[in-house]
Amino acid sequence: MPERSRSKPEWQVRIAKERIDILFGEVARTKDTALQRRYMKLAKKIGMRYNVRLGGRKKLFCRHCFYYFGAGAKRRLRNGKIVIACPGCKHVTRQVYKN
Ligand SMILES: [Zn+2]
């Protein structure tokens with residue numbers, strides 16, 4: 001696979017991935033929602049800068065206000081889609097349901 005010219009050096013991407021892993025670990029550990037938001041924003045920022053995909057993990061937080069859904073947010077299934085109403089900003093996220 002050819003490297004895109006704008007991609008960062010491999011070692012930087014590796015460190016970025018590690019930092020994102022650590023941030024998500026911290027988010028899952030803390031109960032402080034303000035702290036969770038900060039970590040989420042940071043993880044997304046790092047991901048964008050170093051072209052690191054958050055993958056399934058980006059579904060764990062609100063795209064709008066970075067509220068961490070965790071296991072607590074209400075999820076409803078509608079027309080084959082998961083509908084999550086963000087408790088933080090009322091923004092509704094729809095995700096395609098996959099097994
Ligand atoms: Zn939100």
Estimated [θ] at 222 nm from DSSP helical runs (n ≥ 4, -39500 (n - 2.57)) normalised by residues in the chain, nearest 500: -12500 deg cm²/dmol
query: Which entries of LYS45/LYS90; LYS17/LYS45; LYS17/LYS81 show an alpha-carbon separation above 20 angstrom in the structure shown?
result: LYS45/LYS90; LYS17/LYS81
field: For the stretch 10-96: Kirkwood Rh in Å [reciprocal of mean 1/r, alpha carbons]
entry: 13.5
task: Send over the Kirkwood Rh of the stretch 34-74, from the inverse of the averaged 1/r over different Cα pairs, rounded to one decimal Å.
output: 10.5
- request: Note down the magnitude of the dipole of the chain about its Cα centre, charges +1 on Lys and Arg C-beta and -1 on Asp and Glu C-beta and zero elsewhere, to the nearest 20 debye.
  value: 460
statement: Taking the stretch 51-91, the equivalent ellipsoid from its C-alpha gyration tensor has semi-axes in Å, biggest first, of 18, 14, 9
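FYI, it's all coordinate maths here, none of it is from the lab. These numbers were taken from a predicted model, which means no experiment stands behind them. Cβ coordinates were reconstructed from backbone atoms using ideal geometry, including for glycine residues, and neighbour counts include every protein chain displayed.
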